[in-house]
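Some notes on the structure that comes next.
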Amino acid sequence: MHPIALHDLLKFQSEHRPEALALLGADGAGLDYGSLAAHVERLARGLLALGLAPGERVATWLPKRVDAVTALFAISAAGGALTPINPLLKPAQSGHILADSGARVLITQRVRLESLREILSLLHNLRWVILVDESQGQAQSEATDNAAPFPVHILSAREVESMGEAARALPALTEQDLAALLYTSGSTGQPKGVALTHRNLLAGAASVADYLDIRPEDRVLAALPFSFDYGLSQLTVAFQRGASVLPLDYLLPRDLHKAVTLHGISVLAGVPTLWQQLATQDWLGELCSLRVLTNSGGRMPRPVIARLRAALPQARLYLMYGLTEAFRSTWLPPEELDRRPDSIGKAIPNAEVMVLRPDGTPCAPHEPGELVHRGPTVALGYWNDPERTAERYRSIPHRMDGRPHPELAVWSGDRVRMDEEGFIYFIGRDDDMLKTSGYRISPTEIEDVLYASGMVREAAAVGLEDEALGQRIIAVVTPEHADLDTQALLNHCRVNMPLYMTPHRIELRTTLPLTPNGKIDRRALRDELTAAASSSLEPV
């Protein structure tokens, strides 16, 4: 059977290897492919019983656990578009995703639903909330007993599954049907939903599983959010090859040590901050079951590479680059690490990655240009944002006759160069996007929270280079009142945005520099802060 839709990965494995382990629980319990596929189908039928229409978005706001995996694949099986929300997000950011996606159904936990109470009345599209952590009959009774009932219908996951017994058959899908909305920051404003087809997700899974040589006996530790394309691909890549996955929310490096050693984890994906943490541990060499290590979301410092390779000589380390708009773009074979530790590699299998000038002509070797991606993993565009889609998804003039290629490509906004052998090196961004802890963040997302405090007149968020984080976020503000308390402003940020977005510090200015167009000049601020840090020998 050739997989056509995302959930076909599970269906295939359940038909050929039903007793093979699919999911591991942190408590040691497991779920085989046959049981997982059956659970997915029951929930999918329940979603259909709620009236889910083809392509309709269903949001999940859950920690990384078995319930979250089941929900994602059930949404696909029901013909919906999975819309995972990062569990680290605060209610305001989660509310934006729920409203922008138009999701009528949210699958979550009671505590997260309670945090949305004040904004639920503003989410006019939301009709159903499915709670995975409550028993049948408990969910609605608690809402009814509350003095201020929720303006939505609340059901437990078990109730929804029982409703599915009389539901219509699961729909037949095509590769081009909408499969997912993954929200990522744009250069301005709130996060944008990237619309991905089943073809995008399946092509990415097959390509990555191929060059990583994922095997059925592998055990994959999923430590990254499923709302992150890199995190979601841990599931798709593992299920593509019939491997097993341990979804894990971790707080400390020791949590990773316990998971890897207890379950014999062989594949671990991380962002630079995770690898920085692990590289400092004296027990790193005890993770001897690891066979494949992958990095994406930012540059891995050379000392960290050296430490990982010395402590884990049996593991192959793959440096990768990707963007949500194309799911995955490049990979560097481990054999090239010694010669090219700063390279992001070459195009993944079955994709084309180019370095182009603004007119679409190819750059000469080592000439800086924009990284442009074309192939089956290129997404449909941005949800409900045709203007932004037209800016980023464009045709490429044919190199010979000047005619545009019929297949759209993603113009990434990343400046890179390519050497004579086709290996690519990252230079920087063409816009003001921030990159920290593996996340891309629009500075305006942070600035909006600063303005909402009522404490500042002007605000700018900038990033300084940081060996561990990629960039360290600094907020520069002019105060609304002379006695502004920067600690109070930082506390406001911590309450209203996730930790990875919260500024490292806040600096006060009487005025902020402006561009000739009258906009705040973030680049001038960044240059000023970098120079000040260098002169004071402050690590950035």
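The values are calculated or read from the model by the stated rules, or taken from the named source; none is laboratory data. Just so it is clear, the structure is predicted and the values come from calculations on it, not from any experiment. Reconstructed Cβ throughout: ideal geometry from the backbone, glycine too, with neighbour counts over all protein chains shown. When the accessible area is computed, the model is the full protein with side chains, heavy atoms only, and any ligands, DNA or RNA have been set aside. Shrake-Rupley method; radii C 1.70, N 1.55, O 1.52, S 1.80 Å.
So here's what we get for this one:
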item	result
q = 0.12, 0.15, 0.19 Å⁻¹: log10 I(q)/I(0) that the Debye formula gives for region 238-352, counting C-alpha atoms only	-0.43, -0.69, -1.09
Sequence-distant residues sharing a close amide H with Arg316 (under 5 Å, placed H)	Val292, Leu293
Overall dimensions of region 458-503 by Cα: Rg and Dmax, Å	11.7, 35
Cα-centred dipole magnitude for the chain, charges only on beta-carbon of K, R (+1) and D, E (-1), debye, nearest 20	360 debye
All Cα pairs of region 33-182, percent lying beyond 29 Å	10 percent
P(r), alpha carbons of the chain - 10 Å bins starting at zero, rounded %	4, 17, 28, 28, 17, 6, 1, 0
Label-point gap, in nm, between Lys90 and Leu252 - each point 7 angstrom along Cα→Cβ	2.7 nm
Tensor-based shape of region 1-48 (alpha-carbon gyration tensor, a/c under 1.5 rounded, otherwise prolate or oblate)	oblate
Under the Karplus curve 6.51 cos²θ - 1.76 cosθ + 1.60, θ = phi - 60°, whole-Hz ³J(HN,Hα) for region 84-95, x wherever Gly or Pro sits	x, 9, 4, x, 7, 6, 7, x, 5, 5, 5, x
Size of electric dipole in region 217-337: Cβ of Lys, Arg +1 and of Asp, Glu -1, about Cα centre, debye, nearest 20	180 debye
Label point distance in nm, Glu352-Glu336, each placed 7 Å from Cα along Cα→Cβ	1.9 nm
Whole-Hz couplings from phi, Karplus 6.51/-1.76/1.60, listed for region 305-316; x for Gly and Pro	4, 4, 5, 4, 5, 6, 7, 10, x, 7, 9, 9
Long-range HN-HN contacts of Ser343 with modeled amide H, under 5 Å	none
Rounded, prolate or oblate (a/c below 1.5 giving rounded, otherwise prolate when a/b exceeds b/c) for region 29-103 by Cα gyration tensor	oblate
Between region 236-284 and region 324-390, the Cα center-to-center distance that results, in Å	27 Å
Gly30 long-range amide H proximity, modeled H, under 5 Å	Gly25
Alpha-carbon radius of gyration plus Dmax, which is the widest Cα pair, for region 310-465 in Å	18.1, 57
Rule-of-thumb Rg ratio for region 157-238 [Cα; 2.2 N^0.38 Å; N residues]	1.39
Relative contact order %, the chain, counting alpha carbon pairs below 8 Å whose residues are six or more apart	11 percent
Cα-based reach from Lys90 at 18 Å (exclusive), listing aspartates and glutamates while leaving out same-chain residues under 8 positions away	Asp100, Glu114, Glu118, Asp249, Glu445, Glu447, Asp448
Percent carbon-and-sulfur accessible area, the chain, ignoring ligands, DNA and RNA, probe 1.4 Å	53 percent
Distance (nanometres) between label positions extended 7 Å along Cα→Cβ at Asn384 and Ala169	3.4 nm
Segment Leu262-Ala364, length gained on full extension (0.36 nm per residue, minus Cα span)	31.7 nm
Residue-wise HN-Hα coupling along region 481-488, computed from phi with Karplus coefficients 6.51, -1.76, 1.60 (Hz; x: Gly, Pro)	10, 5, 9, 4, 9, 5, 5, 5
Cβ-based charge dipole, the chain, positive-most Cα from Val416, Ser94, Ala310	Ala310
Set of aspartates and glutamates with alpha-carbon distance to Lys11 below 14 Å, sequence-local pairs under 8 removed	Glu19, Asp32, Glu41
Global form of region 297-393, assessed from the alpha-carbon gyration tensor, a/c cut-off 1.5	prolate
